[in-house]
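Engineer: First, the structure itself, so that you have it in front of you.
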Amino acid sequence: MSSQPKDILIHSSAQFGPTLIAGLREIWAHKFRSLLTMLGIILGVSSLVAMSALVKGMEKGAKEALIAVGGLDKVRVEPQELPVEQRHLQDQAVGITMNDVTVIQNGAPLITKVSPEMRVPVTASANGKTFRTFMCMGVWPVALEMMEHEIEHGRMFNEIDDEMARSVCVIGTATRNELWGSPEEVGKEIIPVGETIYLNGVPFTIIGMFKHYESEQERKTRELQAKQAANSPTNQLAQTGPQRNRGHSHGRGGWAFWIKNATIYMPLNTAYMKFRSGVSLTGFGPRSQPSSTPSGATGDPRLSSLELRIRNFDLLPEALQQVRNLLMSTHKGIEDFTFRTQEEWAEAINTFIRNARLSGSLIAGISLLVGGIGIMNIMLASISERVREIGIRKSVGASNGDIFFQILVESTVIAMLGGFLGLGTSFGLVKLISTISPTDNAPIVTATAMLIAFGFSVCVGILAGLLPALKASRLNPIQALRYE
Amino acid sequence: MALVELRNVSKIYRLGGEEIRALDNVSLDIEEGEFISIIGPSGSGKSTLMHILGCLDTPTSGTVCLDGIMIQDASQRELAAIRNRKIGFVFQFFNLLPKLNVLQNVELPMIYSGVSGGERRKRALAALEAVDMVNRARHRPSQLSGGQQQRVAIARALVNNPRILFADEPTGNLDSHTGEAILSLFRKLNEEGRTIVLVTHDPEIAAVTPRRIEIRDGRIASKIDLTLAGLARGSVPASPASPVS
Ligand SMILES: Nc1ncnc2c1ncn2[C@@H]1O[C@H](COP(=O)(O)OP(=O)(O)OP(=O)(O)O)[C@@H](O)[C@H]1O
Ligand SMILES: [Mg+2]
């Protein structure tokens, strides 16, 4: 007679280790099929990671460019065509003048700096070469700070230079590169400070040069190329130098840097005297108020634009209102000016990034979905093949839960392997994309993106496995054993 | 109390309008340590009976009590546990998993009872030793003969030390010589105290066992009990007594 305890109903489930091994064995037994099954997941994960890397790169490049052009607390006042209802006042419009500068300096406490600009598109020539730039302008010394410029060699002109309308200018590296050659081309850095440059034929003395502005990415590639060049002295002759990318083909960010490098600054008075007024020797500026000849008169020449810096970015609307009120009075109510804020650009960048991210996620999401359906399909097929195996497992004591778990582990492992392969592939994909379409924003692969993509693949595996697992677990062991 | 108590068990399959009584009001006791054969022609309900005894199937009506557990009240999970720890199955077609080697096949039941890896190996090797198959532990089932596969299947059935062993036509796919060897293995196991239920349609094989139950059309047609307890109870052979080996 039986005298055994009846505690055997305390059931312990199948162990994870052997279940996992069984799953891997099953996947390995159908290597090619498994790989095909993983393809959707691989594509989904790699495109998710690559997309996020591209967007991240763009975002970083755009932010750098934004800082390069002077940040968010800068506002530009530009002339504008009159609104339709004011068209008849066209000939009374005064444009932006020094009078406005004075008025803003005195009457707008929310504006900390005002920098007038008078643009003089020039053909610069020196050293037997010429270079056209529309970034030549007469400014006050304050422009240096306003536009986030840094003088690396020589000096910026000062107020005395301005007052005396001296023929001096400060150039950027793009001008230097065009006229004297870039360091890469020449093999050494030429600093043309003290040289004479002809701007539309007028001789100027270069008294300073800005530092070279570039995105972090550009700097890195340049440094890398320099290092490579140094490491291979044998082909130095053949090497005309890996050219510093001048940015003509660049995207928005690179363009911002190039523009900045092509800048030529001269004193505002000089610009006026040499290029605008012809004969007038009357200086203008805050120190010699030309208010005796008010708006409209030739004595107060039009400026191309004003750059304003705001005390606090949060007060942007109030500051704009202040300036607007002042200008409306000096312009006699004629709205021939407009404000350009970096905010618009920042907003455009954000919108673009949001859209890129959304469409990228959509593609990746669809790939993952397709991958999930593929896994589900294969798991269902695999179960029909393995009815007998499931019956045998049940006959030796596997519960429905054990079978469910086994199938779920299998589909999850497939998805996880696909996820891993996808992460590997994503690096290749990112490389491929950046070689096909070289932007100055190198894609940035982030750990977060990889983690999220991998997490998605695991979720897809689990979801895809649920239905097949349920189906398998419900198989009747007898029918499964009869199955021949 | 008997190890297995079957009371008025019926199994009815309904196919369309037709009703198939695979088992019809079967009552049966199996005592611990017995060696029983269930015999009957094809389609008589032997396998159905064995599946119900072995908790692979549930009866349409009637009760089954195995080792004190009413199996019709047990959950699916509990039935799995009973199959895992109290019951061993041996099938006509061996039913080894082709992707696993011999050792892994024998280890399989222990995976579902939470035996640790080292212990699993040890016990699987001991079970293979008992059926004299240790030297083939690393082989795949497809690399073995039918008799060898069946011995592995027996090792798998025994590895969790079950209370009862069910064998459905275990020699059905083997030549008579190999079948003989498997039968003597069963006999040896029974002598060591294992309870064994052997399903067969072959009277010669049934003759090996002291107790025989014959089914026809889902009913018990005759019971022969040549055990001392059976003889004492006065179980009279309903058909001419088969020779006892
Ligand atoms: N799932 C099912 N659906 C319908 N009828 C079934 C089912 N399973 C078994 N049967 C019927 O039940 C009866 C008994 O079948 P069972 O398999 O138990 O016979 P058996 O005695 O094992 O025969 P054999 O010696 O050929 O294996 C048969 O008539 C069979 O057709
Ligand atoms: Mg049968």
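Engineer: I'm told B:V26 meets every condition in (1) away from ligand 2 (no atom under 16 Å from the Cβ); (2) within 27 Å of B:T171 (Cβ to Cβ); (3) crowded, with 18+ Cβ neighbours inside 10 Å except one. Can you identify the failing condition by its number?
Structural biologist: The number of the failed condition is (1).
Engineer: Another question about this same structure. Just one of the numbered conditions (1) more than 14 Å from every other protein chain (Cβ to nearest Cβ); (2) touching a Leu at 6+ places or on another chain (Cβ under 8 Å); (3) over 30 Å from A:D73 (Cβ atoms) is not true of A:S384; which one?
Structural biologist: A:S384 satisfies every listed condition except (2).
Engineer: Of (1) in contact (Cβ under 8 Å) with a residue 40 or more places away in the chain; (2) within 16 Å of ligand 2 (Cβ to nearest atom); (3) not polar (S, T, N, Q), B:I20 satisfies all except one. Which?
Structural biologist: (1)
Engineer: Then there's this: Taking the conditions exactly as written (surrounded by fewer than 16 Cβ atoms within 10 Å (Cβ to Cβ) and either in contact with a strand residue (DSSP E or B) (Cβ under 7 Å, 6 or more places away or on another chain) or in a loop (DSSP other than H, G, I, E, B) (or both)), does A:P109 satisfy them or not?
Structural biologist: Details: surrounded by fewer than 16 Cβ atoms within 10 Å (Cβ to Cβ): yes; either in contact with a strand residue (DSSP E or B) (Cβ under 7 Å, 6 or more places away or on another chain) or in a loop (DSSP other than H, G, I, E, B) (or both): yes.
When the stated conditions are applied, A:P109 passes them.
Engineer: I'm trying to understand the selection: among the residues of segment B:72-126, which are within 16 Å of B:N160 (Cβ to Cβ), more than 10 Å from chain A (Cβ to nearest Cβ) and either at pLDDT below 90 or not in a helix (DSSP H, G or I) (or both)?
Structural biologist: Matches in segment B:72-126: B:V90 only.
Engineer: Against the condition within 11 Å of chain A (Cβ to nearest Cβ), touching a helix residue (DSSP H, G or I) at 6+ places or on another chain (Cβ under 9 Å) and over 25 Å from A:L475 (Cβ atoms), how does B:G146 come out, does it pass? First the steps, then the outcome.
Structural biologist: Details: within 11 Å of chain A (Cβ to nearest Cβ): no; touching a helix residue (DSSP H, G or I) at 6+ places or on another chain (Cβ under 9 Å): yes; over 25 Å from A:L475 (Cβ atoms): yes.
No; evaluated as a whole, the condition is false for this residue.
Engineer: Sticking with this one: Can you tell me which residue in segment B:199-218 is nearest to ligand 2 (Cβ to nearest atom), limited to those that are small (G, A, S) and on the phi < 0 side of the Ramachandran plot? Give the steps one after another, and end with the answer.
Structural biologist: So in segment B:199-218, the residues small (G, A, S) come out as B:206-207, B:218.
Imposing the further condition that a residue be on the phi < 0 side of the Ramachandran plot reduces the set to B:206-207.
Working: B:A206: 14, B:A207: 19 Å.
Ranking the candidates gives B:A206 first.
Engineer: Of A:K6, A:K31, which residue is at pLDDT 90 or above and within 14 Å of chain B (Cβ to nearest Cβ)? Quick ask: steps written out before the conclusion?
Structural biologist: Values: A:K6 fails: at pLDDT 90 or above.
Just one listed residue meets the conditions, A:K31.
Engineer: Just the residues that are hydrophobic (A, V, I, L, M, F, W, C) and either more than 13 Å from chain A (Cβ to nearest Cβ) or within 14 Å of ligand 2 (Cβ to nearest atom) (or both), please, taken from segment B:32-71.
Structural biologist: If the condition is that a residue be hydrophobic (A, V, I, L, M, F, W, C) and either more than 13 Å from chain A (Cβ to nearest Cβ) or within 14 Å of ligand 2 (Cβ to nearest atom) (or both), then B:F35, B:I36, B:I38, B:I39, B:L49, B:M50, B:I52, B:L53, B:L56, B:V64 are the ones that fit.
Engineer: Just to be sure, is A:N441 more than 14 Å from A:I414 (Cα to Cα) and within 16 Å of ligand 1 (Cβ to nearest atom)? Break it down into steps so the answer makes sense when it comes.
Structural biologist: Values: more than 14 Å from A:I414 (Cα to Cα): yes; within 16 Å of ligand 1 (Cβ to nearest atom): no.
In short, no.
Engineer: OK, next. Right, A:G397: at positive phi and either crowded, with 16+ Cβ neighbours inside 10 Å or in a helix (DSSP H, G or I) (or both) or not?
Structural biologist: Values: at positive phi: yes; either crowded, with 16+ Cβ neighbours inside 10 Å or in a helix (DSSP H, G or I) (or both): yes.
Judged against the criteria, A:G397 is a match.
Engineer: Something else: Check segment A:428-435 and report whether any residue there is in contact (Cβ under 8 Å) with a residue 12 or more places away in the chain and either over 27 Å from A:H30 (Cβ atoms) or in contact with a strand residue (DSSP E or B) (Cβ under 6 Å, 6 or more places away or on another chain) (or both).
Structural biologist: Yes, the conditions are met somewhere in segment A:428-435.
Engineer: Taking segment A:78-91, which residues are surrounded by 13 or more Cβ atoms within 10 Å (Cβ to Cβ) and out of contact with any helix residue (DSSP H, G or I) (no Cβ under 7 Å at 6 or more places or on another chain)? Give the steps one after another, and end with the answer.
Structural biologist: So the first thing to find is which residues in segment A:78-91 are surrounded by 13 or more Cβ atoms within 10 Å (Cβ to Cβ), and the list is A:78-80, A:82, A:86, A:89.
Matches in segment A:78-91: A:E78, A:P79, A:Q80, A:Q86, A:L89.
Engineer: Of the residues that sit in segment B:155-186 and are in contact (Cβ under 8 Å) with a residue 40 or more places away in the chain, charged (D, E, K, R) and away from ligand 1 (no atom under 16 Å from the Cβ), which one is surrounded by the most Cβ atoms within 10 Å (Cβ to Cβ)?
Structural biologist: B:R156
Engineer: Here's something else I'd like to know. Tell me which residues, restricted to segment A:390-406, are more than 8 Å from chain B (Cβ to nearest Cβ) and of a type in the set (S, T, N, Q).
Structural biologist: Hit for segment A:390-406 is A:Q406, nothing else.
Engineer: Next question. Got at least one residue in segment B:46-64 being away from ligand 1 (no atom under 16 Å from the Cβ) and on the phi < 0 side of the Ramachandran plot?
Structural biologist: Within segment B:46-64, the first condition is being away from ligand 1 (no atom under 16 Å from the Cβ), and the residues that meet it are B:63.
Checking the rest, the ones that are also on the phi < 0 side of the Ramachandran plot come to B:63.
Yes, some residue in segment B:46-64 is away from ligand 1 (no atom under 16 Å from the Cβ) and on the phi < 0 side of the Ramachandran plot.
Engineer: So the check is Cβ under 7 Å with 6+ separation or different chains; which pairs have a first residue in segment A:193-207 that's without any contact (Cβ under 8 Å) to a residue 60 or more places away in the chain and a second one that's aliphatic (A, V, I, L, M) and outside any strand (DSSP E or B)?
Structural biologist: Hits for this filter: A:I206/A:V193; A:I207/A:V193.
Engineer: From the list A:L481, A:L470, which residue is within 14 Å of another protein chain (Cβ to nearest Cβ) and within 16 Å of ligand 1 (Cβ to nearest atom)? Before the answer, list the steps.
Structural biologist: Values: A:L470 fails: within 16 Å of ligand 1 (Cβ to nearest atom).
The unique qualifying residue is A:L481.
The values are calculated or read from the model by the stated rules, or taken from the named source; none is laboratory data. This structure is a prediction, so every number in the text was calculated from the model and none was measured. Every residue, glycine as well, gets a Cβ built from its backbone with ideal geometry; the counts of neighbours run over all protein chains shown.
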